[in-house]
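Here's the structure we're looking at; comments come further down.
The values are calculated or read from the model by the stated rules, or taken from the named source; none is laboratory data. If you're wondering where the values come from, they're calculated on a predicted model, not measured in any experiment. Cβ placement follows ideal geometry from the backbone for every residue including glycine, while neighbour counts extend to all protein chains displayed.
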Amino acid sequence: MSQKKVIAFLGPEGTYSHQAVLHYFGEEVSLLPLPSFQDVFEALISSKAHYGMIPYKNSTTGLVRATQPLLKAYDISYCDEVVESIHHGLLVHPQYENLEVLYAHEEALAQCKKWLKQHKPLLHQEAVSSNAQGAVLVTKNPHAAAIGNQWCATYYGLKLLYENIADLPHNETHFYVVKATTKKF
């Protein structure tokens, strides 16, 4: 019986990286959601994961700033590319009221900048490690919102208050499927 492949990605579960993992590898893998992109690379180098899913480019904001230096610094191989359509929405607690703060990854905040300025200019924006991390925070706070998609909203039991809030309607993120150049498996 073969061992399930371990796939590292920016977590928690519910991120666009998680979605890309499922689209590319399917359900028959072991998921390793990690708190930072650097942790994903460390998991590959230390053989805790077989593969990683790393966003490197977005059609709205260009190169993903958080991953570019890591892609150059680590001894990894590029195995394939995955392109995911990104459909940002505004996620809220099921009993939301008087929204005060918006949690999202800095890339998502940049991708929704015009919409947020026009529709939610007074909402305090706070960058977090991932959109799914923002969704987790919203589950605990009815005065908070997060950027994410319907899949993330369903995953965390949140309400999708507004759909399609990205500044460009055909927003895509390109991901690399990567592995360590030398593996111990």
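Structure above, values below:
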{"read-out": "Unmet requirement for residue 133, which otherwise passes all of (1) under 13 Å from the mean Cα position of the chain (by Cα); (2) modelled with pLDDT of 95 or more; (3) surrounded by fewer than 15 Cβ atoms within 10 Å (Cβ to Cβ)", "value": "(3)"}
{"read-out": "Subset tally (residues that are under 23 Å from residue 58 (Cβ atoms) and surrounded by fewer than 20 Cβ atoms within 10 Å (Cβ to Cβ)) for segment 141-153", "value": "2"}
{"read-out": "Cβ pairs under 6 Å, 6+ apart, first in segment 124-144 and free of Cβ contacts under 8 Å to residues at least 60 places away in the same chain, second polar (S, T, N, Q)", "value": "142/95; 143/98"}
{"read-out": "Residue in segment 128-145 that is assigned to a strand (DSSP E or B) and of a type in the set (Val, Ile, Thr) present", "value": "no"}
{"read-out": "Checklist (1) within 24 Å of residue 111 (Cα to Cα); (2) exposed (fewer than 15 other Cβ atoms within 10 Å of the Cβ) applied to residue 11, failing item", "value": "(2)"}
{"read-out": "Per-region count, segment 54-106, residues buried (at least 17 other Cβ atoms within 10 Å of the Cβ), touching a residue at least 40 places away in the same chain (Cβ under 8 Å) and of a type in the set (A, V, I, L, M, F, W, C)", "value": "13"}
{"read-out": "So residue 89, is it on the phi > 0 side of the Ramachandran plot and out of contact with any Lys or Arg (no Cβ under 8 Å at 6 or more places or on another chain)", "value": "no"}
{"read-out": "Candidate set from segment 161-176 (those that are under 17 Å from the mean Cα position of the chain (by Cα) and buried (at least 16 other Cβ atoms within 10 Å of the Cβ)); member that is farthest from residue 117 (Cα to Cα)", "value": "176"}
{"read-out": "Exclusive hit being hydroxyl-bearing (Ser, Thr, Tyr), buried (at least 23 other Cβ atoms within 10 Å of the Cβ) and either in the same structural domain as residue 149 (by TED's automatic domain parsing) or within 12 Å of the chain's Cα centre (by Cα) (or both), set 36, 17", "value": "17"}
